[in-house]
Amino acid sequence: MKDEVAGLIVVDDGGSNTVVVTRNEIEVFPSVKGVYGDRTLTKVTSKYDFIVEYKGEKYVLGTLSKFDCEYPLQIFSKSKQHDFFDLSVLTSIHQYGYASNYLVVSVPVKMHTEEEKQGRIRRLRGSHTLTVNGVTKTFLVADVKVSAESATAYFVDKPSGMTRFLDIGSRTVNFSTSLCIDGNCRMIDTGSGTFFDKGLEALGEGFNAKALADYICGQLLAKWNSNDVVYLLGGGALNEELVSHIKFYFPNLQVMDDPITASARGMFNLGVIGYGMD
Ligand SMILES: Nc1ncnc2c1ncn2[C@@H]1O[C@H](COP(=O)(O)OP(=O)(O)OP(=O)(O)O)[C@@H](O)[C@H]1O
Ligand SMILES: [Mg+2]
């Protein structure tokens, strides 16, 4: 926990990667979790190995769970109102946050509803005590803002005119449209949305880069034009085969810098504006 008493912390708590952004750092660790059980050999040996004790349960998280776990758990539900996502957020705050935290988390565009937002806020706001790698901390989540995946990528560079964003993640594919004219910027709901169950890992054995590109782009062409500038982010932007197939439909496709952290970096800029702080 940092010396500063209060600060802004962003956690883009994905199904595959948890991306944390604060004023001074960007951290990425695997979201996968598992039960600690009756382990006798487990040791913390790397930066993102986490043994977490929370509400009487003991878990392995991060790289520990990725490499050494009998029942590695990833959650592909539409809602993020689940211990799986709470644990990603609270572990992030324990490791990189403050005594008092102004938090921004993410949900899919189509889950950016009052019910989902209030549900996440109810679960996360307030005082929490958890132990990570033997260190117990109590911290406050003073406030929570719930942002829409993909839409937050606009806040990385705030492009003018009409811009499309496509975030291909492990659980979901989100897309969004921003429109900025003479400094007046808005998100265009009718050009935004979520494809559930079409994330890179949600598809499992069924993953096929061309078929996924055909599916996503076929749907998007009902809303977007093929000559639109489309910014691609999320882990899908690192899959060259997928990118080339998407480019076939949207030749003006641009892969964002460091696409796995792009959403979280946008969330941080949004948080600075929303909370009036950095
Ligand atoms: N170097 C790489 N090359 C190809 N694919 C990659 C690479 N790195 C990550 N991926 C893919 O990206 C996926 C993770 O993407 P991302 O971090 O955007 O997901 P997420 O944000 O955790 O998921 P979601 O937003 O759907 O909850 C992995 O499932 C993997 O398939
Ligand atoms: Mg994501």
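Let me check I have the definition right: for the range 6-148, take the eigenvalues of the Cα gyration tensor, multiply each by 5, take square roots. What are those semi-axes in whole Å, largest first?
Calculated on Cα positions only, the semi-axes equal 23, 17, 14 Å.
Work out from phi, with θ = phi - 60° and the Karplus expression 6.51 cos²θ - 1.76 cosθ + 1.60, the ³J(HN,Hα) of each residue of the range 226-235, listed in order in whole Hz, and give x for Gly and Pro.
5, 8, 5, 7, 10, 9, 9, 9, x, x
To the nearest 10 degrees, how steep is helix 262-275 against the longest Cα principal axis of the chain, on a 0 to 90 scale?
For helix 262-275, the angle is close to 80 degrees.
Tabulate in residue order the Karplus-calculated ³J(HN,Hα) for the range 213-222, using 6.51 cos²θ - 1.76 cosθ + 1.60 with θ = phi - 60°, rounded to whole Hz; enter x for Gly and Pro.
Once θ is set to phi - 60°, the couplings for the range 213-222 become 4, 4, 5, 4, 6, x, 5, 5, 5, 6 Hz.
Taking a virtual spin label 7 Å from the Cα of Asn252 along the C-beta vector, which residues in the range 145-171 bring their backbone nitrogen under 17 Å of it?
154, 158-166
Please work out how much length the chain gains when fully extended from Thr136 to Ile26, using 0.36 nm per residue of separation minus the C-alpha to C-alpha distance, in nm with one decimal.
37.3 nm
Applying a 10 Å radius around every beta-carbon, put 112-122, 177-187 in order of their mean neighbour count, most first.
Sorting 112-122, 177-187 by mean packing, highest first, produces 112-122, 177-187.
What does the extension gain come out to for Ile181 and Leu41, with contour length at 0.36 nm per residue minus their alpha carbon separation?
My answer for the length gained is 44.5 nm.
Report, largest value first, the span of the C-alpha coordinates of the chain along each principal axis, in whole Å.
Result, largest extent first: 55, 44, 32 Å.
Give the cysteines in the chain for which no other Cys Cβ lies under 4.7 Å away, or write none if there are none.
If one checks each Cβ against the other cysteines of the chain, Cys69, Cys217 turn up with nothing under 4.7 Å.
So for the pair Asp83, Lys223, with labels modelled 7 Å out along Cα→Cβ, what separation do we get in nm?
Rounded to a tenth, the inter-label distance reads 3.5 nm.
Using only helices, what value at 222 nm comes out for the chain when you add -39,500 (n - 2.57) per DSSP H run of length 4 or more and divide by the total residues, to the nearest 500 deg cm²/dmol?
-7500 deg cm²/dmol
In percent, what relative contact order does the range 6-148 have, based on Cα pairs under 8 Å that are 6 or more apart in sequence?
Details: 282 pairs, mean separation 37.7, N = 143.
Relative contact order for the range 6-148 comes out at 26 percent.
Computing the accessible area with a 1.4 Å probe over protein heavy atoms, can you report the carbon and sulfur percentage for the chain?
Working: 6150 of 12460 Å².
Here carbon and sulfur together make up 49 percent of the probe-accessible area.
Sorting check: for 211-217, 75-81, which peptide has the highest mean count of neighbouring beta carbons within 10 Å, and how do the rest follow?
My ranking of the peptides, most packed first, is 211-217, 75-81.
Hey, got the dipole for the range 6-148? About the Cα centre, +1 on K and R Cβ, -1 on D and E Cβ, debye to the nearest 20?
200 debye
The values are calculated or read from the model by the stated rules, or taken from the named source; none is laboratory data. Remember, predicted model here, so these are calculated numbers, not experimental data. Every residue, glycine among them, receives a Cβ derived from its backbone with ideal geometry; neighbour counts consider all protein chains shown. Just so you know, the surface numbers come from the protein's heavy atoms only, side chains and all, with ligands and any DNA or RNA stripped out. Shrake-Rupley method; radii C 1.70, N 1.55, O 1.52, S 1.80 Å.
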